[in-house]
Protein chains: 2
Amino acid sequence: MGLEKDITIYDIADKLGVSPSTVSRALKNHTSIGSATRKKILAAAHDLGYRANTFASNLRRQRTNTLGIMVHELRSSFITSVLSGIENIAAETNYDLIITHSSENAAKEAANAENLFHKRVDGLIASLSFDTKDLNHFRKFFDKGLPVIFFDRVFEQGEGTKVIIDNYRAGYNATSHLIEQGCRRIAHITSSLSRNVYSERFRGYSAALRENNIPYEDNLLVVDSLSEEAAVRSANAILAISPAVDAVFITNDMCAAVVMQVIKEAGLRIPEDIAIIGFNNDMIGKVTNPKLSTIDYPGFQIGQVAARQIIHHLQGITDINMTNTIIINSELVIRGSSLKKQT
Amino acid sequence: MGLEKDITIYDIADKLGVSPSTVSRALKNHTSIGSATRKKILAAAHDLGYRANTFASNLRRQRTNTLGIMVHELRSSFITSVLSGIENIAAETNYDLIITHSSENAAKEAANAENLFHKRVDGLIASLSFDTKDLNHFRKFFDKGLPVIFFDRVFEQGEGTKVIIDNYRAGYNATSHLIEQGCRRIAHITSSLSRNVYSERFRGYSAALRENNIPYEDNLLVVDSLSEEAAVRSANAILAISPAVDAVFITNDMCAAVVMQVIKEAGLRIPEDIAIIGFNNDMIGKVTNPKLSTIDYPGFQIGQVAARQIIHHLQGITDINMTNTIIINSELVIRGSSLKKQT
DNA sequence: CTGTGTTTCGCAATCGGTTACTTTCATTAA
DNA sequence: TTAATGAAAGTAACCGATTGCGAAACACAG
């Protein structure tokens, strides 16, 4: 096998009879290199199959050109879309990504933060785990002036820039839509209200009820984990409510799909007896019967925005500290599961 | 903000009055350091909040402790499971990952390979894109003796180690199951037969038919892209076949779910009129009505095995070149969509 | 007390780029 | 003609960890 040593800027310098520094500068389009020299060097680099040694560069420049990504779960289509968006921008700008996930565990999240800090990433893009209580494990980043961007699960009042949707409005729109369809006893299946995404959606839900003079009832609120088993539990809880529920707003499509199934198995019709609206606009909502109304949560776009933002900051184009929160647009997607009136 | 410079082995050495080399060796448990000295150094490192500089180390050792991952698509639950499995092992062994995706594009795949090569990853784990025709873009890795492991989409005869399931057997089992259920006109919706996974499953399908004296018919084979739109097309193609089809083996659960929907909308019953079996065991199969029979494709496990294999090779524990192919177990999961007989 | 082995460390070169500071020339103003 | 100005390129000191080579220190047998 061809174990020839890699060629370096010194090799190029030797071949052309110039100094390594000239080669280095030419390679990165530094201004103080004559265009003739630059051209020669670029050509030679190409001919010799030169590949830059990132470590040498990182070591010297004290930067890594790497972003740390922290997510709470990899196996989620929303998260995957976000990653896809981040990767899209990172690839363009030649940044690497190190992706970690916390499995919804605050301790593991802290360990990941520590690890990424040691790896000296230039910045962080993170969505908090389910049971994260504070941002202490990001302290080192803040203190060192390293940019941190949160998305999805965030502390709205905390440090760092956030890229989120207007969860309040999303919850409000979903609920208003159900009310317009004639529903009055609207249940809400969601996860812990201590997480911003869920508490805000709940605020929107409550506000919509209030504005339509529908009294809020505590027993219409079901808080559980949104997992598959939890979905079955929640659905049964909903079915047991009396007087009967005529609509459910569920903050997760996968969960909603399972709930729909339980409801149908119980002999009720969707949307005639119970209208359903989910959240995320996952693929799964397109194959349920009827198809699932939902809120589109544009992960790809969120990932792009977050990545672009942090990279521009690192490139000195913008200052991230000037931006506290970026709101991405999200839309109500109406399909069969909530459409009682023909329009 | 606290921009104190990082502390290095030199700082530790100064503080303790030993040489940097001693510190370096102590930190990596080199044998030739007295245990008293080692203990002192470890303690000092901890006190001072020392964090190793990977670049300096990489530069010197000419290794990166990073694996390159190449997938054809990020937004797939199978792929995500694999990534999860890889991450699981990599985290344990302190390897970083750089994840790239080709969007099913051979040219982008080649560019990614080139990029990872320049980034000097220690090894590669890859699933080929849809239209990859050869392994030329991996040549540099092979030539340099860098380990490459393929999974899922592979060239079974090509260079490199492969981690796959027995796709032939999976196709055979799925089809045999349908035959046992009394089906005789079994259609097969799949993707390009030039990809190993699909051609092997097709071989299994054909073999099962042959063994049961069911003649193979060309028009029962539908090759398309498995996307959502393709699924609708394929389903309609199936419905147009005469004499009517009584079962379909589809090599992708998402596609199968959509096909089921089209079939039901056409007024046919599943499984009574048409039995369905998918592939992958995605979440989506659990919320269709009826639930989808499928082949479990254990992504997490595949990821773990691939990662473990390549890392052990890098650590010198095993030699990857001794292993050509690793077959992971996959199982038939029977649910409602294919169960015509009560057992 | 000398010689042979071990164990434990230190010296110093090295990995490949980057960049502050100089030097070298050529052009231009005085 | 000469000094000033600026563009182009070179010098060399880093960045922090690793490691081959060899020296010092100590143990122990003869």
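Points to keep in mind about this one:
- Restricting attention to the stretch B:56-86, the residues being assigned to a helix (DSSP H, G or I), more than 7 Å from chain A (Cβ to nearest Cβ) and in contact (Cβ under 8 Å) with a residue 60 or more places away in the chain number 5.
- Residue in the stretch A:144-154 that is more than 18 Å from the chain's Cα centre (by Cα), over 28 Å from A:S24 (Cα atoms), modelled with pLDDT under 90 and at the interface with another protein chain (Cβ under 9 Å from one of its Cβ atoms) present: yes
- Criterion violated by B:I125 - all others in (1) touching a helix residue (DSSP H, G or I) at 6+ places or on another chain (Cβ under 9 Å); (2) away from chain A (no Cβ under 12 Å); (3) more than 15 Å from B:N65 (Cβ to Cβ) satisfied: (3)
- Any chance B:I7 is within 14 Å of another protein chain (Cβ to nearest Cβ) and more than 14 Å from DNA strand D (Cβ to nearest atom): no
- Test result for A:T288, polar (S, T, N, Q), free of Cβ contacts under 8 Å to residues at least 40 places away in the same chain and part of a loop (DSSP other than H, G, I, E, B): no
- Of the criteria (1) within 24 Å of A:E180 (Cβ to Cβ); (2) in contact with a Lys or Arg (Cβ under 8 Å, 6 or more places away or on another chain), which one A:R195 fails: (1)
- Only listed residue being away from DNA strand D (no atom under 16 Å from the Cβ), of a type in the set (D, E, K, R) and closer than 26 Å to B:R139 by Cβ, chosen from A:E73, A:E87: A:E87
- At least 1 residues being over 24 Å from A:L135 (Cα atoms) is the threshold, and among the strands (runs of 3 or more DSSP E) wholly inside the stretch A:157-242 those reaching it are A:186-190, A:221-223.
- Among (1) more than 11 Å from DNA strand C (Cβ to nearest atom); (2) modelled with pLDDT under 90 - the single one A:G85 does not satisfy: (2)
- Some residue of the stretch B:259-279 being more than 17 Å from A:I284 (Cβ to Cβ) and either among the polar types (S, T, N, Q) or not assigned by TED's automatic domain parsing to the domain that holds B:N173 (or both): no
- Residue within the stretch B:272-280 that is modelled with pLDDT of 95 or more, assigned to a loop (DSSP other than H, G, I, E, B) and surrounded by fewer than 20 Cβ atoms within 10 Å (Cβ to Cβ) present: yes
- Single residue of the stretch A:246-270 satisfying the filter (touching a residue at least 40 places away in the same chain (Cβ under 8 Å) and more than 24 Å from A:V197 (Cβ to Cβ)) that is nearest to the other protein chains (Cβ to nearest Cβ): A:I270
- Qualifying residue in the stretch A:185-201 (condition: surrounded by fewer than 18 Cβ atoms within 10 Å (Cβ to Cβ) and either under 16 Å from the mean Cα position of the chain (by Cα) or of a type in the set (D, E) (or both)): no
- For the stretch B:117-156, a residue qualifies if it is of a type in the set (K, R) and assigned to a helix (DSSP H, G or I), and the qualifying residues are B:R139, B:K140, B:K144.
- Within the stretch A:324-343, the set of residues being within 14 Å of A:A170 (Cβ to Cβ) and either without any contact (Cβ under 8 Å) to a residue 40 or more places away in the chain or basic (K, R) (or both) comprises A:E331 only.
- Any hit, the stretch A:90-110, residues being part of a helix (DSSP H, G or I), of a type outside the set (S, T, Y), surrounded by 23 or more Cβ atoms within 10 Å (Cβ to Cβ) and facing chain B (nearest Cβ under 9 Å): no
- Enumeration of residues in the stretch A:19-55 that are more than 8 Å from DNA strand C (Cβ to nearest atom), assigned to a helix (DSSP H, G or I) and within 20 Å of B:K119 (Cα to Cα): A:L42, A:A45, A:H46, A:D47, A:L48, A:T54
- One residue stands out in the stretch B:38-59 among those that are in contact with a Leu (Cβ under 8 Å, 6 or more places away or on another chain) and over 14 Å from B:Y10 (Cα atoms): the one that is surrounded by the fewest Cβ atoms within 10 Å (Cβ to Cβ), namely B:K40.
- All positions within the stretch B:323-343 that are within 24 Å of B:G299 (Cβ to Cβ) and loosely packed, with under 14 Cβ neighbours inside 10 Å: B:N324, B:T325, B:I327, B:N329
- Counted residues, the stretch B:259-269 - those being within 28 Å of B:R169 (Cα to Cα) and modelled with pLDDT under 95: 1
- Residue in the stretch A:155-176 that is surrounded by fewer than 23 Cβ atoms within 10 Å (Cβ to Cβ), within 10 Å of chain B (Cβ to nearest Cβ) and not polar (S, T, N, Q) present: no
- Residues in the stretch B:10-36 that are among the β-branched types (V, I, T) and more than 11 Å from DNA strand D (Cβ to nearest atom) were compared, and the one that is farthest from B:D47 (Cα to Cα) is B:T31.
- Filtered residue count, the stretch B:1-18, keeping only those that are outside any helix (DSSP H, G or I) and within 11 Å of DNA strand C (Cβ to nearest atom): 2
The values are calculated or read from the model by the stated rules, or taken from the named source; none is laboratory data. On a predicted model such as this, the values are computed, not experimentally measured, just so you know. In this analysis, Cβ positions are derived from the backbone assuming ideal geometry, glycine residues included, and neighbour counts consider all displayed protein chains.
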